[in-house]
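The values are calculated or read from the model by the stated rules, or taken from the named source; none is laboratory data. These numbers were taken from a predicted model, which means no experiment stands behind them. For neighbour counting, all protein chains shown are included, and Cβ atoms are generated from backbone atoms with ideal geometry for every residue, glycine included.
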Amino acid sequence: MIRKSDLHISLAANSNRIHIFGIIQSAANLPTNSLNKNTLFARGDKGKVELGQPKDKIILNANYKTGKWFFNASITRFGKTAFISNTTSSRDEFFSPKKLTDISFNYILKPWLNITIGANNVFDIYPDRLKNSLNTNEGILIYSNEASPFGYNGGYYFLSVSFNW
């Protein structure tokens, strides 16, 4: 008996560069003070757009099938991000790149019954913690809500059974 196997490997990458330039145009009927010019698009808003998401992301995925077995592994690298404060540069924080690994094994027990076991973020990677206490909302936040390209709940491990009728 010849067992047929398939291996599919893919690599995807993107690189973005976002730069906002020019002065803020406020409405003519508003007084030209710093409050009005910074209300619509403050320093932190500009930083969120330019640096809040990674400039690069790379995904390597492998999918292997043999007989009734399927295996999938994926490594995703998220580039650097930053939290830019609306008030002062002393509150700005910069976060390092992170790599997350997802794996799953699937077995077709019967044509109508599949069993999958796997893990997302198998190595339990977390974003960098906020270092400046002024950015933590009085200690409530330990991770930035504005500059994390992935969640901060750690690893997710699962077992699933699916029925196909």
| remark: Output for Cβ contacts, cut-off 6 Å, separation at least six or different chains, first residue without any contact (Cβ under 8 Å) to a residue 40 or more places away in the chain in the range 106-129, second acidic (Asp, Glu) and outside any strand (DSSP E or B), reads none
| task | Only one of these is under 26 Å from Leu7 (Cβ atoms), touching a residue at least 24 places away in the same chain (Cβ under 8 Å) and of a type in the set (Lys, Arg): Lys99, Lys55, Lys80, Lys46. Name it. | result | Lys99
| said: For the range 116-128, check the following and say yes or no: at least one residue is surrounded by 15 or more Cβ atoms within 10 Å (Cβ to Cβ), out of contact with any strand residue (DSSP E or B) (no Cβ under 8 Å at 6 or more places or on another chain) and of a type in the set (Phe, Trp, Tyr). | reply: yes
| Given the conditions (1) modelled with pLDDT under 95; (2) closer than 27 Å to Phe163 by Cβ, and given that Val122 satisfies all but one, which numbered condition is not satisfied? | (1)
| Only one of Leu134, Leu141 is over 13 Å from the mean Cα position of the chain (by Cα), closer than 26 Å to Lys48 by Cα and part of a helix (DSSP H, G or I); which? | Leu134
